[in-house]
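Structure, as structure tokens:
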Amino acid sequence: MADNTAVSKALQVLERQLNRPLMAALQVCARCGVCAEACHYYVADGELEHVPAYRAEELRKVYRRKHDFFGKHLPNWVNAQDLDEATLEKMAEMAFSECTLCRRCTFNCPMGVDTPLMMRALRAMATASGKAPEILEMLADAAIEKGKDPAMFRDLFVAQVAEMEKELQALVGDPNARITVEREGARVLYVALAGAHTILPPAAIFWAAKEDWTLSIYEAANYGVFLGDTARAKTIASRIIDEAKALKVQEVIVAECGHACASLVWDAPIWFQEQFPFRVRSLVEVMAEYVQQGRLPLDPSANPEAITYHDSCNLARTSGIYREPRVILNAVTTNLREMTPNGLENYCCGGGGGLVALPEYDDKRMKAGKPKVDQIRKTGAEIVVAACENCRLQLGDLNAHYSMNVQITALADLVVKAMRLPKSVAVPLPNAAAVAVGE
Amino acid sequence: MADPIKPDQILDLKGLLCPMPVVKLSMAVKKLQAGQTIEGIATDPGVMADIPAWARTSGNELLSIEQQGKEYHFIVKKTA
Amino acid sequence: MTIQLVTGALALAALVFSISVFASRWAQMQRLSFAKDFSYPKDSALKGILYAFTLGMAPWAKESTRIHMLAYLRGIAFHVGIFAGLGALLASPWFDLIPTIIRIVCAVLTGFGAAMGVAGGIMRVVEHHLKAISTPDDHASVWLVTLFLAAMTLALVSSAFVPAMWVVAAAMLVYAPIGKIRHCIYFYFGRLFFGIHIGRRGVVSGLIEHAIPVRSEVRHGR
């Protein structure tokens, strides 16, 4: 009985998701197999299970059993298969741990088969039937909880920002440097990730560029996206969208985070069927604009180490952000060493799709990251820059696991290092310093 | 706010960035018996918002959370 | 004469069936939802679509087809043969009126296509991973189309083979919309959605840079 419930829930979700792009992805594959090497899992171990077409067939088998002429009447002819609970569990594990939704196979498919779309559909089926990784659900629910009751943490957050503001003032040598929180009428709402490391460097950059900005109280990460759960993803995104509308900002800038950027820039307007009254861009695009407009006093000799850049899949292939990081890097270092391949053809680091937050799949993740490790080693880089938090976490783990001896950093960190700042003045940091945080 | 509670387990989350403190904490709590307590020590300020939210959704009880210098200490009691 | 009439009618009926089922598949696609995209585009969707159907199909445009260059070119030759074969099929009632030179050119294309079909059929069995991801439908489809191309080649060379070719064509036309060959219409949707993605999201200009190696300040992905 329980079996049927989980399976039927999963199948209902599949039916509900059947739109034109998903139907095309389910129907068009000719099983030519040229996608194999596009997948970093396959590059890592050459196993059949890691050929993207094989993976997608797992879902297609179930679809055909329901909808295809042969699938219904002569299932073996098209390898159609009834969905049972064991198969559902296997498929769920595959969708969450053996595909990072990097789109490399789609770009390499002669038909343009959108395998990540199918894996997202599978994730949604798994989530609806209680087969999704518990941790992703927990992280998504915690984010939703924060949105329901911001008072729970707002004061703590504002107090933390006040501390950070002092650090900012010391860093940029300007006692008037400010980090405001949810200031109405600011031009820009910056949405960071949890923790100071994605707030302080951008704050210094905004200060240098004389940007009129304010800080969101929410974090940009959206674990609903990884679950393939549009309802939860929308709820998480709506925290920021409502905040931006209330503050009447002209632009929302998302921290260096791949999925957060892709989901807010590209997915959210589709989820909400609405053109927001503000633009959403990645911090990477904005920093590149500042560089091009000459708004940052940069000295590329400040970063003399050999540096390579890892393209986040969500930024490059999903959001078209592959030139901007190079614009920035060429302004902050003279020693950029590109990986091969890079940019739009870059390999996933192995941590995408939420995998980095799932300790139960650590072994798979380390194995799938091997092609990236090889790429990095070949560059001889001492510093690996990534504009995505998931990538940085994965690269950090790969660094330890494979003893790469590199330093992992964000683009903003390098920019700040390259900024010619007035000598850090000894900023008085009294405890009762007047701080402009929040309303 | 001196804390009289002596936790059953101490979890070192220093140096971990979001979402790892929450991930590690939830895994550790899973292994506890109901009624046991765990103290987490993190350096990522994000925990000050994330841990209370996690506690609410997971149904565990957050007994205390506070900043001590550069560290964030919190005690969670497993309820079920 | 009777054989010609019967086989011709059979082929015609199969053609009507094929077109009807394909049309209903097309209509089914149109009935499915396709959410309006309210995001601010970074570049033009049209540019992406144009790329997806032209340069994006070039053998050197993708890493996959660079790695599997021979297999890809085989596939291209096979499909060129198929298009020539379908054209010839529509003209087949009037073969005698067609200039010999055109029949020969067509026969070369379909003949070569058939040979490439045989190669494809063999590849599907010999290559370990390809065999594992193939369904019986995949094998049947490639051999059925190959048989059609072979029959068409013979029919183009000698009209005596036309009735036999029509029988084979009828079988292929009936099978096409219900078996794997149906990918021929979904291809347009697959490339279209890919084109829209790379267009709107500003990916396409980088892909064009790959496909047409021009001087550029920053090179990506080579």
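The values are calculated or read from the model by the stated rules, or taken from the named source; none is laboratory data. Keep in mind that this is a model prediction, so the values were computed, not measured. In this analysis, Cβ positions are derived from the backbone assuming ideal geometry, glycine residues included, and neighbour counts consider all displayed protein chains.
Scan the range A:32-42 and tell me whether some residue there is in contact with a helix residue (DSSP H, G or I) (Cβ under 9 Å, 6 or more places away or on another chain), part of a loop (DSSP other than H, G, I, E, B) and under 23 Å from A:Gly351 (Cβ atoms).
yes
Kindly indicate whether C:Ala61 is over 20 Å from the mean Cα position of the chain (by Cα), over 27 Å from C:Val125 (Cα atoms) and surrounded by 17 or more Cβ atoms within 10 Å (Cβ to Cβ).
Working: over 20 Å from the mean Cα position of the chain (by Cα): no; over 27 Å from C:Val125 (Cα atoms): yes; surrounded by 17 or more Cβ atoms within 10 Å (Cβ to Cβ): yes.
For C:Ala61, the condition - over 20 Å from the mean Cα position of the chain (by Cα), over 27 Å from C:Val125 (Cα atoms) and surrounded by 17 or more Cβ atoms within 10 Å (Cβ to Cβ) - is not met.
Which of the following residues is within 21 Å of A:Glu163 (Cα to Cα), surrounded by fewer than 23 Cβ atoms within 10 Å (Cβ to Cβ) and free of Cβ contacts under 8 Å to residues at least 24 places away in the same chain: B:Gly69, B:Gly15?
It is B:Gly69.
When only residues in the range C:42-58 that are over 26 Å from the mean Cα position of the chain (by Cα) and facing chain A (nearest Cβ under 10 Å) count, which is farthest from A:Trp266 (Cα to Cα)?
C:Asp43
Taking the range A:326-355, which residues are part of a helix (DSSP H, G or I), in contact with a Pro (Cβ under 9 Å, 6 or more places away or on another chain) and among the β-branched types (Val, Ile, Thr)?
A:Val332
So A:Phe206 clears everything in (1) in contact with a strand residue (DSSP E or B) (Cβ under 6 Å, 6 or more places away or on another chain); (2) at pLDDT below 95; (3) of a type outside the set (Ser, Thr, Tyr) except one condition, right? Which one?
(2)
Is it true that some residue in the range A:318-329 is touching a residue at least 24 places away in the same chain (Cβ under 8 Å) and closer than 23 Å to A:Phe96 by Cα?
yes
Output the qualifying pairs, or none if there are none: Cβ atoms under 9 angstrom, residues six or more apart or on different chains, first residue in the range C:91-113 and touching a residue at least 60 places away in the same chain (Cβ under 8 Å), second residue among the charged types (D, E, K, R).
Between residues of the range C:91-113 that are touching a residue at least 60 places away in the same chain (Cβ under 8 Å) and residues that are among the charged types (D, E, K, R), the close pairs are C:Phe95/C:Arg103.
Quick check on my filter: what residues within the range A:39-61 are among the hydrophobic types (A, V, I, L, M, F, W, C) and either over 24 Å from the mean Cα position of the chain (by Cα) or at the interface with chain C (Cβ under 7 Å from one of its Cβ atoms) (or both)?
A:Leu48, A:Val51, A:Ala53, A:Leu59
Residue check: is C:Gly190 without any contact (Cβ under 8 Å) to a residue 40 or more places away in the chain, out of contact with any strand residue (DSSP E or B) (no Cβ under 6 Å at 6 or more places or on another chain) and within 10 Å of chain A (Cβ to nearest Cβ)?
Answer is yes for this residue.
Considering only the range A:296-325, state which residues are within 12 Å of chain C (Cβ to nearest Cβ), among the small types (Gly, Ala, Ser) and assigned to a helix (DSSP H, G or I).
Passing the criteria: only A:Ala316.
Right, A:Asn399: in contact with a strand residue (DSSP E or B) (Cβ under 7 Å, 6 or more places away or on another chain), modelled with pLDDT of 95 or more and part of a helix (DSSP H, G or I) or not? Reasoning before the result, please.
Values: in contact with a strand residue (DSSP E or B) (Cβ under 7 Å, 6 or more places away or on another chain): yes; modelled with pLDDT of 95 or more: yes; part of a helix (DSSP H, G or I): yes.
It is true that A:Asn399 is in contact with a strand residue (DSSP E or B) (Cβ under 7 Å, 6 or more places away or on another chain), modelled with pLDDT of 95 or more and part of a helix (DSSP H, G or I).
Any idea how many residues of the range A:141-164 are surrounded by fewer than 22 Cβ atoms within 10 Å (Cβ to Cβ) and within 19 Å of A:Ala204 (Cβ to Cβ)?
Result for the range A:141-164: 3.
Among what's in the range C:193-215 and is in a loop (DSSP other than H, G, I, E, B) and more than 7 Å from chain A (Cβ to nearest Cβ), pick the residue that is farthest from the chain's Cα centre (by Cα).
Filtering the range C:193-215 down to residues in a loop (DSSP other than H, G, I, E, B) leaves C:201-203, C:212-215.
Narrowing the set further to residues that are more than 7 Å from chain A (Cβ to nearest Cβ) leaves C:212-215.
Values: C:Ile212: 24, C:Pro213: 27, C:Val214: 30, C:Arg215: 34 Å.
Among those that are in a loop (DSSP other than H, G, I, E, B) and more than 7 Å from chain A (Cβ to nearest Cβ), it is C:Arg215.
Looking only at the range A:43-77, which residues are in a helix (DSSP H, G or I), under 27 Å from A:Ala128 (Cα atoms) and among the hydrophobic types (A, V, I, L, M, F, W, C)?
Passing the criteria: A:Ala53, A:Ala56, A:Leu59, A:Val62.
What is the number of the single condition among (1) within 19 Å of C:Gly190 (Cβ to Cβ); (2) within 13 Å of another protein chain (Cβ to nearest Cβ); (3) surrounded by 14 or more Cβ atoms within 10 Å (Cβ to Cβ) that C:Ser39 does not meet?
It fails just one condition, (1).
Which of the residues that make up the range A:242-269 are in contact with a Leu (Cβ under 9 Å, 6 or more places away or on another chain), farther than 17 Å from C:Ala35 by Cβ and in a helix (DSSP H, G or I)?
Residues satisfying the conditions are A:Glu243, A:Ala244, A:Leu247, A:Gly258, A:His259, A:Ala260, A:Cys261.
Which residue pairs have Cβ atoms under 7 Å apart, sit 6 or more places apart or on different chains, and have a first residue in the range C:149-167 that is more than 17 Å from C:Gly81 (Cβ to Cβ) and a second that is of a type in the set (Asp, Glu) and assigned to a helix (DSSP H, G or I)?
Note: pairs meeting the criteria are C:Ser159/C:Asp96.
Tell me whether the range C:170-179 contains one or more residues that are within 9 Å of another protein chain (Cβ to nearest Cβ), crowded, with 22+ Cβ neighbours inside 10 Å and under 18 Å from the mean Cα position of the chain (by Cα).
yes
Looking at A:Lys245, is it touching a helix residue (DSSP H, G or I) at 6+ places or on another chain (Cβ under 9 Å), free of Cβ contacts under 8 Å to residues at least 40 places away in the same chain and not hydrophobic (A, V, I, L, M, F, W, C)?
When the stated conditions are applied, A:Lys245 does not pass them.
Here is a list of conditions, (1) under 21 Å from C:Ala140 (Cβ atoms); (2) at the interface with chain C (Cβ under 7 Å from one of its Cβ atoms), and A:Ala36 meets all of them except one; can you say which number that is?
Result: A:Ala36 fails condition (1) only.
Quick one: count up the residues across the range A:117-132 that are of a type in the set (A, V, I, L, M) and either modelled with pLDDT under 95 or assigned to a loop (DSSP other than H, G, I, E, B) (or both).
Selection size over the range A:117-132: 1.
Please go through (1) within 11 Å of chain B (Cβ to nearest Cβ); (2) modelled with pLDDT under 95 for A:Gly173 and return the number of the only condition it doesn't satisfy.
Unmet condition: (1).
So, in the range A:89-116, how many residues would count as being part of a helix (DSSP H, G or I) and at the interface with another protein chain (Cβ under 9 Å from one of its Cβ atoms)?
Residues meeting the conditions: 5.
Counting just the residues of the range A:200-224 that are small (Gly, Ala, Ser) and outside any loop (DSSP other than H, G, I, E, B), which one comes out surrounded by the most Cβ atoms within 10 Å (Cβ to Cβ)?
A:Ala203
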